[in-house]
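Peer 1: The structure follows.
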């Protein structure tokens, strides 16, 4: 995980997992969907699951992120880039 503190346990839905190697993105047919955190991230992951997508999450270093992430940074929330692909029957 990013940062020097001990990682806290994060319970992601079963159709979601943390990115292990950036090569998984292209090799697995994933595409970038959103950058999010906190309650918004939970809603995004739940909706993608309902729509039949697998999600791959990449934790981001919040000080280095540009754009509309100020509310996540201010709340001290972890920020993730979410990649998605349609679930296959065997997933």
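Peer 1: Work out how much length residue 33 to residue 75 would gain on full extension: take 0.36 nm times their residue separation and subtract the Cα-Cα distance, in nm to one decimal.
Peer 2: Values: separation 42, 0.36 × 42 = 15.12 nm, distance 2.24 nm.
The span from residue 33 to residue 75 would gain 12.9 nm if fully extended.
Peer 1: What ranking do 15, 40 get, fewest neighbouring Cβ atoms within 10 angstrom at the top? Don't skip to the end; give the middle numbers.
Peer 2: Working: 15 17, 40 13.
Least to most surrounded, the residues fall as 40, 15.
Peer 1: At a Förster distance of 25 Å, what's the computed FRET efficiency of residue 46 paired with residue 24, Cβ-Cβ distance as r, to 0.05?
Peer 2: Details: r = 22 Å, r/R0 = 0.88.
For residue 46 and residue 24, the calculated efficiency is 0.70.
Peer 1: Sticking with this structure for a sec: Where does each of 24-34, 50-60 land if you order them by average Cβ count within 10 Å, highest first? Numbers along the way, then the final one.
Peer 2: Numbers: 24-34: 13.5, 50-60: 17.0.
My ranking of the peptides, most packed first, is 50-60, 24-34.
Where a number appears in this text, it was derived from the coordinates with a stated rule and is not lab data. In this text, all values refer to a predicted model and were calculated from it rather than measured experimentally. Glycine also receives a Cβ, built like all others from the backbone with ideal geometry; neighbour counts cover every protein chain displayed.
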